Structure formats: C-alpha cells, structure tokens
Amino acid sequence: MAAENFIEEKLAGTEYGFSLENLMAETGLSNVAARNQLLRLRPLVRRISPKLGFYLIVQPEYRSAGSPPVEWWLDDFFRWLGNPYYIALQSAAEWHGSSPQAIQVTQVMTDVPRKEICVGGRRIRFFMKKSVKDTLAAGIAGARCPVKVSVPEATAFDLVRYAPKIGGLERAMETMLPMLSRLRRDVLKAMLVAENEVSTSQRLGWVFEKLGFEKLAAIVFDWLPGSLPVVPLVLGSGREGDGAVIRKWGVRENL
C-alpha cells in the first residue's frame, strides 16, 4: 500500500494535507491507482473538495469533526494552490486574544476570488485583497504547523476595511477593542506604509480615537496627507451623504 506508507510519512513529519500530484510523484503510482488506494483509505483520507485534488489526513480523534484543524493544513493547501494567504479579520483577532463573539468560520485573505468551502464541520471563507503580499503577517509561536496570521496592527486595519462584509463597523470595533493594547507603534507605522490606503486609514484613525486610544490615533494622523478627501465612515449603508463631517479625519459619520 504505497499510499498508506506515504500518509504515515506525512504524519511523522506533522503534515496533514497533500495533493494527488504529490502522492503520484513520491510513490510512482498512476492517477487511477493513486485514487483507488485513497478510496480504500477512507475515512483516514478526505478530499477537500470534489473539484480540488487536495486531500486531508483525518486521524481518529478528528473523525467526528470531519477534518483536522484548519490551521494544520492551510499553509500546505495554499502552497499547492500557488497563492499567498493569511488568516485574517475575526479569525486573526482570536489568535491575538480577542473573541467577543465566537464565529463558526475561518476567515482567510488571498489575492484571487475563491468560493467558501466546507470540510466536515469546518467552514473556510475567503476574502480577496490584491495587495495581500504587502500585508504584515507572521507565523504563530508554538503552533503545531506553519500558518500565517495577520499581525494585530494589520488585523485592525482589515477589520475596518472589510467591516461591511463581517457584520458592520460596530462589530469590527467590538472585535478589535480587546487586542488594541497589543498594537506596537513602530509596527503600526510600518503597516500604514505597507497598506498605503488613505481612506481606510482615515476610518481607522477615527476608530482608534472613538475607542479611546489617542496615541494610536495620533500615529495614524501623522501618517495621513495634509489634505484629506471626505469619505463615508460606513460603506454600503445607502446613507453615504448623511452625517456630520469630522474634519480632522475627513470622515462623514453616516452611522
């Protein structure tokens, strides 16, 4: 059983995902033989999607969940896809100690549109960001497998940028509040330069000030250009022209 031996080697190296091409290359199995052997190994092996030739190794303790934890195989999956990624938004905030409302989905940022997938009982929702490679993301110390997560500073930025897609600005502010004390001034400055997005930075500065983090707000204010366009605080509300303008930030409070 070449496939079974291959899987045992993967587990010994704490790898929980692999592609059909990888299996064929390392074992010499044909496409048909590789698929047949994998079928006989169910439920130890689970295909991530009928349209994708990527498989997960599901150990007995994770059979009821239907798959191992997402962070164990996400890095392997995206290396196989050939796209950059990082765990983002509310999912990243949980890694940084903030989970005011537990979510039942892992939110992942990448650079191309990708449909949500459900593996067993685990949902993965993808968000697109063309500049995903520029976002400050790092591995997590002590994690079982390599995985990229946006740093707290970039997580706060993304929460504001994607607020309309994750329950609104108030939900984004509620999520980021417990982790704001972790933000580092030098990393915040570097993040603003890397993202280089004035309108979101205007909103982020307003949020920091509203939540009582004046020192963080001052860093954002110092980075912003002297002349600011007026932008609505909340996008997609249908009230973009309503509300008072806060001249300091160039933000229209259309809550």
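The values are calculated or read from the model by the stated rules, or taken from the named source; none is laboratory data. Computed from a predicted structure; not experimentally measured. Note: ideal-geometry Cβ built from the backbone for every residue, glycine included; neighbour counts use all protein chains shown.
Table: residues versus (1) over 23 Å from SER98 (Cα atoms); (2) touching a helix residue (DSSP H, G or I) at 6+ places or on another chain (Cβ under 6 Å).
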{"residue": "MET109", "(1), (2)": "no, yes"}
{"residue": "LYS115", "(1), (2)": "yes, no"}
{"residue": "ARG122", "(1), (2)": "no, yes"}
{"residue": "PHE126", "(1), (2)": "no, no"}
{"residue": "SER131", "(1), (2)": "yes, no"}
{"residue": "THR135", "(1), (2)": "no, yes"}
{"residue": "CYS145", "(1), (2)": "no, yes"}
request  = Kindly provide the set of residues from the stretch 26-59 that are buried (at least 16 other Cβ atoms within 10 Å of the Cβ) and within 26 Å of the chain's Cα centre (by Cα), ordered by number.
outcome  = VAL45, ARG46, ARG47, ILE48, GLY53, PHE54, TYR55, LEU56, ILE57, VAL58
message = Of the residues LEU23, LEU89, only one is surrounded by 19 or more Cβ atoms within 10 Å (Cβ to Cβ) and either on the phi > 0 side of the Ramachandran plot or in contact with a Gly (Cβ under 9 Å, 6 or more places away or on another chain) (or both); which?
response = LEU89
query = Are any residues in the stretch 175-234 outside any helix (DSSP H, G or I) and within 21 Å of the chain's Cα centre (by Cα), and if so, which ones?
reply = LEU183, ARG184, ASN196, GLU197
ask   = Residues of the stretch 1-16 being under 15 Å from ARG42 (Cα atoms) and acidic (Asp, Glu), which ones?
value = GLU4, GLU8
task = Count, please, the residues in the stretch 66-90 that happen to be among the hydroxyl-bearing types (Ser, Thr, Tyr) and either in a strand (DSSP E or B) or without any contact (Cβ under 8 Å) to a residue 24 or more places away in the chain (or both).
result = 2
Residues located in the stretch 234-255, provided they are among the hydrophobic types (A, V, I, L, M, F, W, C), surrounded by 14 or more Cβ atoms within 10 Å (Cβ to Cβ) and modelled with pLDDT under 95 = VAL234, LEU235
query = Taking ILE124, is it in a loop (DSSP other than H, G, I, E, B) and closer than 19 Å to GLU71 by Cβ?
reply = no
ask   = Are any residues in the stretch 92-121 surrounded by 18 or more Cβ atoms within 10 Å (Cβ to Cβ), in a loop (DSSP other than H, G, I, E, B) and of a type in the set (S, T, N, Q), and if so, which ones?
value = SER98
request  = Consider only pairs whose beta carbons are under 6 Å apart and that are at least six residues apart or on different chains; among these, list those whose first residue lies in the stretch 126-141 and is free of Cβ contacts under 8 Å to residues at least 40 places away in the same chain and whose second residue is of a type in the set (Ser, Thr, Tyr) and outside any loop (DSSP other than H, G, I, E, B).
outcome  = PHE126/THR110
message = If a residue must be loosely packed, with under 15 Cβ neighbours inside 10 Å and in contact (Cβ under 8 Å) with a residue 40 or more places away in the chain, how many such residues does the stretch 147-169 contain?
response = 1
request  = Take the residues in the stretch 81-105 that are polar (S, T, N, Q) and modelled with pLDDT of 95 or more, then tell me which one is farthest from PRO164 (Cα to Cα).
outcome  = ASN83
